[in-house]
Amino acid sequence: MRELTLLEAVREALAEEMERDPRVVLLGEDIGRLGGVFRATEGLLDRFGSDRVVDTPMAELSIAGMAVGLAMRGLRPVAEIQFADFIHAAADHLIGEAARIRYRTAGDWSCPMVLRTAYGGGFRGGPYHSQSVEAYYAHVPGLKVVAPSLPADAKGLLTAAIRDPDPVIFLEHKLTYRKVRGPVPEGEHLEEIGQARVVREGDAVTLVAWGMMLQESLAAARQLAEEGIECEVLDLRTLLPLDRPALLASVGRTGRLCVVHEDTLTMGLGAEISALVCESVFDELQAPPLRVAMADVAGIPVSAPMEDALIPNAERIAAGVRELARRRGGRRAASAAYDAGIPAASSVVSVALPEDHLRSIVAAVAEACRAHPACNASFSWDGVHCHEAVRVDLDLGPLSPPRGDGTFTVVDYGSGSSLLGLPAVRPGQTAALRVGAVHRGQAMLALSVDHRAVDGAEAGRFLAFVKGRLEDDA
């Protein structure tokens with residue numbers, strides 16, 4: 001399958017729908033000869049003529065009003081607002097008219113229009129060209145709000161929006177236009193509005209995002225996976241209506257929720273998503289939901305460093321998820337911490353460690369589990385089942401007990417603990433590692449294994465692997 005940028009996918013969807021349906025017309029500022037401020041409509045004037053690609057005055061209220069009128073007279077208008085910051089000037093027609101027409105007429109009339117707009121920061125556009133406006137319009141019953149993150153979705157969802165019988169606000173993040181490339185089917189391609197999609201599977205935390213924040217969330221998830229924290233990344237794609245079943249199913253699998261959005265924190269869409277999860281699957285939560293968003297600032301600064309500091313990025317997301325993975329506070333019952341029926345054997349090795357070593361330990365253990373899958377497994381009388389994913393569960397003491405849903409447990413009670421202790425192998429696992437207190441730059445690592453699944457030689461190789469990684473990093 002060929003690859004397109006998101007901008008090319010938008011342009012292709014417009015062209016194919018105009019070819020298929022003569023009722024589809026485009027209108028907006030500079031969309032004709034110029035091809036739009038971002039060139040999304042480039043070439044369409046020459047192909048379809050000025051009756052169907054209409055340059056308008058710089059008057060957003062008029063653009064929206066014309067689109068409402070054209071839709072009610074049987075056409076399929078696709079209006080463009082150059083920057084989402086200016087969409088508020090058209091709010092009267094969008095909120096007061098387009099969104100309410102079906103309701104006010106008891107279904108006798110509809111308003112099949114699309115309003116496309118470019119939103120989001122990172123483009124050095126300053127406070128008047130960088131807003132994220134999704135929360136304003138996702139609040140309005142009667143509208144649909146779509147925010148694709150990937151080129152195939154941009155084409156499939158825009159095609160669906162043009163064919164939809166009701167008004168759709170179609171949000172296109174500026175940075176995704178040329179920065180994001182991906183496979184796009186040739187010919188007709190439809191995606192269903194209102195359907196989210198899991199774009200990365202995991203079982204530690206559900207990361208919910210859309211637009212450019214999906215790319216940052218995926219980058220954070222890749223970084224966290226190296227530390228043994230496997231995130232499930234859910235691309236909402238449609239913000240109104242929300243795909244509640246997909247959201248709740250994902251949080252039910254992971255027990256933790258992190259919502260990432262570029263809009264400001266207070267009253268943002270993350271608050272609604274968090275409330276929905278708490279109302280619906282509270283008993284499944286292992287920790288309170290987390291929102292990673294922009295601070296409550298009145299606009300994106302002109303200063304590039306200040307803009308970068310405000311907008312969430314992979315590092316901020318990863319830092320938040322690390323804290324979220326450590327937190328406890330939900331009501332999910334953890335599995336039993338000890339089973340006297342597990343025949344355990346232990347091996348010990350000394351290793352050079354700094355005081356601040358936990359992150360290095362987790363990363364080394366996660367890598368060792370991949371290299372020695374028998375230690376990342378569960379035993380039953382039917383055989384040893386090696387887990388595909390590595391989930392390192394941390395036992396940091398009574399105030400921070402393990403979650404009980406990992407595939408391997410690391411026990412580290414810190415500098416005040418004993419120099420040597422033997423961990424218990426938890427039910428459903430085949431190995432656990434205890435980190436003794438660091439003394440003069442050295443610590444004892446004790447590995448306990450279920451010797452029905454792991455023999456002494458394999459345990460020794462696992463410990464040697466961990467020791468080697470830690471001392472190489474040091």
Item to complete: Kindly check whether there is at least one residue in region 27-48 that is surrounded by 21 or more Cβ atoms within 10 Å (Cβ to Cβ), of a type in the set (S, T, N, Q) and in the same structural domain as Pro165 (by TED's automatic domain parsing).
Response: yes
Query raised in the report: Is it the case that region 199-208 has a residue that's among the acidic types (Asp, Glu) and within 12 Å of the chain's Cα centre (by Cα)?
Result: yes
Those residues of region 117-137 which are over 20 Å from the mean Cα position of the chain (by Cα) and part of a helix (DSSP H, G or I) amount to Gly126, Pro127, Tyr128, Tyr136, Tyr137
Subset of region 221-246, residues surrounded by 24 or more Cβ atoms within 10 Å (Cβ to Cβ), modelled with pLDDT under 95 and of a type in the set (Gly, Ala, Ser), comes to Gly228
Among Val114, Val133, the single one that is surrounded by 16 or more Cβ atoms within 10 Å (Cβ to Cβ), under 30 Å from Asn313 (Cβ atoms) and not assigned by TED's automatic domain parsing to the domain that holds Met213 is Val133
For the structure I just gave you, tell me whether Ile169 is part of a helix (DSSP H, G or I), under 24 Å from Pro77 (Cα atoms) and of a type in the set (Val, Ile, Thr). no
Within region 161-190, the residues that are crowded, with 21+ Cβ neighbours inside 10 Å and not hydroxyl-bearing (Ser, Thr, Tyr) are Ala161, Ile162, Pro167, Val168, Ile169, Phe170, Leu171, Glu172, His173, Lys174, Val180, Val184
Checked region 14-26 for anything crowded, with 20+ Cβ neighbours inside 10 Å and either in contact (Cβ under 8 Å) with a residue 60 or more places away in the chain or part of a loop (DSSP other than H, G, I, E, B) (or both); matches are Leu14, Glu17, Val24
With the first residue restricted to region 251-279 and required to be under 20 Å from Arg237 (Cβ atoms) and without any contact (Cβ under 8 Å) to a residue 12 or more places away in the chain, and the second required to be of a type in the set (Lys, Arg) and part of a loop (DSSP other than H, G, I, E, B), Cβ contacts under 6 Å at 6 or more apart or on different chains are none
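Let's see how each residue does on (1) modelled with pLDDT under 90; (2) out of contact with any Asp or Glu (no Cβ under 9 Å at 6 or more places or on another chain); (3) of a type in the set (Ser, Thr, Tyr):
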| residue | (1), (2), (3) |
| --- | --- |
| Trp381 | yes, yes, no |
| Leu399 | yes, yes, no |
| Gly404 | yes, no, no |
| Leu420 | no, yes, no |
| Arg434 | no, no, no |
| Ala446 | no, yes, no |
Only unsatisfied item for Ala287, checking (1) surrounded by 17 or more Cβ atoms within 10 Å (Cβ to Cβ); (2) free of Cβ contacts under 8 Å to residues at least 24 places away in the same chain; (3) farther than 24 Å from Val146 by Cα, is (2)
Within region 324-358, residues being under 29 Å from the mean Cα position of the chain (by Cα) and modelled with pLDDT of 90 or more number 3
Here the residues within region 367-399 that are of a type in the set (Asp, Glu) and either more than 16 Å from Gly460 (Cα to Cα) or without any contact (Cβ under 8 Å) to a residue 24 or more places away in the chain (or both) are Asp382, Glu388, Asp393, Asp395
task: Examine region 348-370 for a residue that is crowded, with 20+ Cβ neighbours inside 10 Å and hydroxyl-bearing (Ser, Thr, Tyr), and state whether such a residue exists.
output: no
Flagged pairs (Cβ under 7 angstrom, 6 or more apart or on separate chains; first in region 344-366, within 16 Å of Pro423 (Cα to Cα); second in a helix (DSSP H, G or I)) are Ala345/Gly456; Ser347/Gly456; Ser347/Ala459; Ser347/Gly460; Ser347/Leu463; Val349/Leu463; Val349/Lys467; Val365/Val466
Of Ala89, Ala84, the only residue that is under 29 Å from Arg39 (Cβ atoms) and either crowded, with 23+ Cβ neighbours inside 10 Å or not assigned by TED's automatic domain parsing to the domain that holds Pro167 (or both) is Ala84
Can you say whether Asp382 is within 19 Å of Val466 (Cα to Cα) and either outside the structural domain of Gly228 (by TED's automatic domain parsing) or touching a helix residue (DSSP H, G or I) at 6+ places or on another chain (Cβ under 6 Å) (or both), as far as the supplied structure shows?
no
inquiry  = Would you confirm, using the coordinates I've provided, whether Ala364 is more than 31 Å from the chain's Cα centre (by Cα) and at pLDDT 95 or above?
reply    = no
Report whether or not Ile162 is among the hydrophobic types (A, V, I, L, M, F, W, C), assigned to a helix (DSSP H, G or I) and modelled with pLDDT of 95 or more.
yes
Selection from region 440-474 of residues farther than 23 Å from Arg426 by Cα and among the hydrophobic types (A, V, I, L, M, F, W, C) yields Leu470, Ala474
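The values are calculated or read from the model by the stated rules, or taken from the named source; none is laboratory data. Given the structure is predicted, the values throughout are model-derived calculations rather than measurements. Glycine gets a Cβ as well: all are built from the backbone with ideal geometry, and neighbour counts include every protein chain shown.
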